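Structure first, commentary second.
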Amino acid sequence: MPAQNAPTDAAIEQGGVSRPRARVALLIAGLILVALNLRPALSSLAPLLHQVSDDLGLSAAAAGLLTTLPVFCLGIFAPLAPMLSRRFGAERTVCGVLLLLALGIALRTQFGALGVFVGSVVAGASIGVIGVLLPGIVKRDFPAQAGTMTGVYTMALCLGAAVAAGSSVPLSEAFGDSWRLGLGFWLIPAVIAAVAWWPQTRANHHANRAVYRVRGLLRDPLAWQVTLFMGLQSSLAYIVFGWLPSILIDRGLSPAEAGLVTSGSIIVQLASSLSAPWLATRGKDQRLAIFLVMGLSLVGLFGCLYAPLSGLWGWAVVLGLGQGGVFAVALTLIVLRSADSHVAAGLSGMAQGFGYTLASMGPLAVGVVHDLTGGWAAMGWVFAVIGVAALTAGMGAGRARLVAVRSERVDG
């Protein structure tokens, strides 16, 4: 069934109530601030990984686990999001979990290796819960502008990742060469976002507190294609977050230079993360857009891995354009393939729960292959296998159809 035939949220939920512009502006600002905090806990570690490993005595395998663990937690804790949302409401859950994210970031700076690992689990779990809830909020509150708002949300997410990747080493140096303070700094934006989001916890979006249930997603082939595409493209993204600085350092760059290149590549994602969803929704389906952005991602990855360093910045730009676009399109597919906000929330939980669990295998595979081969030359095979699999899933997910499930009201 074509996506444009989907019933609107207003028709399903009878929620077509106009809101003051100031309230809408406050909601958009809150969404942006929340999104800014969904990647710094992940991207801030990679440029400091060598320093953290040396200080704590971590082996290469343990360092690889440290890059994989938060991504794995994104997936395994994602199913908590719908349960918490039903119990406390989506807005209150987001606010509370932002404070939990700040706690996780703080834990990474204390109690040695144990604190780093436990804090990474808490941070990853927090990001996983929030990441599941935001697409449903976008679908509910901006049904007619879902693609544009997804692009804005993704742009903010990429900006947070870029700033953290590029500034973690300078922050560490500014704080007396302390990686703990360089990592711990990022709890401050999380607390600020929680304060900015607080007014949303007082909004009465559904006065009757109706509860909806979505069944059958796990039996729907299209839902699995969306899930596989989300997970496989995310796997490449988290390889970049976790390992690109180490790859570039071993190719001859300093830690600060490697962090700057990674940050620059992520900053470029701002352009494609905002434009790709808009372009993807202009055609009859999203398959061409998926092919283009996945192609750019793979070309950029291979360039950063194998091409001469003299052209590194060019390859980093290509990589950024591809990865910003592919992630934004993946999030847009969750909204476009859903009939209403409840289905969108359910599909978001499935795509990010199973998807991020799958995505965590990418950084782990890179660490294992590096240990087995003693270098980075074989990584091209890892990139190619993941990329081709993502493209295959994307061709199915990009078709203009809806998942064959609907939400059911179970409590008035």
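The values are calculated or read from the model by the stated rules, or taken from the named source; none is laboratory data. As the structure is a computational prediction, the values presented were derived from the model and not from experiment. All Cβ positions, even for glycine, are placed from backbone atoms using ideal geometry, and neighbour counts span all protein chains on display.
Points worth noting:
- Members of region 36-58 that are more than 24 Å from residue 127 (Cα to Cα) and free of Cβ contacts under 8 Å to residues at least 40 places away in the same chain: 54
- Candidate set from region 172-192 (those that are touching a Phe, Trp or Tyr at 6+ places or on another chain (Cβ under 9 Å) and surrounded by fewer than 20 Cβ atoms within 10 Å (Cβ to Cβ)); member that is nearest to residue 101 (Cα to Cα): 181
- Tally of residues being more than 18 Å from residue 230 (Cβ to Cβ), in contact (Cβ under 8 Å) with a residue 40 or more places away in the chain and buried (at least 22 other Cβ atoms within 10 Å of the Cβ) across region 305-340: 6
- Selection count, region 216-236, where residues are crowded, with 24+ Cβ neighbours inside 10 Å and not polar (S, T, N, Q): 7
- Taken over region 147-171, the residue count meeting the criterion of being touching a Pro at 6+ places or on another chain (Cβ under 8 Å) and either of a type in the set (A, V, I, L, M, F, W, C) or over 27 Å from residue 246 (Cβ atoms) (or both) is 9.
- Residues satisfying the stated conditions in region 332-360, i.e. modelled with pLDDT under 85 and either within 20 Å of residue 298 (Cα to Cα) or among the hydrophobic types (A, V, I, L, M, F, W, C) (or both): 335, 339, 343, 344, 345, 356, 360
- Elements of type helices (runs of 4 or more DSSP H) in region 263-363, at least 3 residues being of a type in the set (Phe, Trp, Tyr): 287-306, 312-336
- Single residue of region 240-299 satisfying the filter (closer than 27 Å to residue 62 by Cα and among the β-branched types (Val, Ile, Thr)) that is surrounded by the most Cβ atoms within 10 Å (Cβ to Cβ): 266
- Some residue of region 193-205 being touching an Asp or Glu at 6+ places or on another chain (Cβ under 8 Å), at pLDDT below 90 and crowded, with 21+ Cβ neighbours inside 10 Å: yes
- Among residues of region 105-115, those that are assigned to a helix (DSSP H, G or I) and surrounded by fewer than 24 Cβ atoms within 10 Å (Cβ to Cβ), counted: 6
- Within this structure, residue 93 fails the test of being touching a residue at least 24 places away in the same chain (Cβ under 8 Å), under 30 Å from residue 258 (Cα atoms), of a type in the set (Val, Ile, Thr) and touching a Leu at 6+ places or on another chain (Cβ under 8 Å).
- Positions within region 366-393 being in a helix (DSSP H, G or I), under 18 Å from residue 247 (Cα atoms) and among the small types (Gly, Ala, Ser), in sequence order: 367, 380, 384
- First in region 262-281 and free of Cβ contacts under 8 Å to residues at least 40 places away in the same chain, second anywhere and of a type outside the set (Ser, Thr, Tyr) and assigned to a helix (DSSP H, G or I), Cβ under 8 Å, 6 or more apart: 279/289
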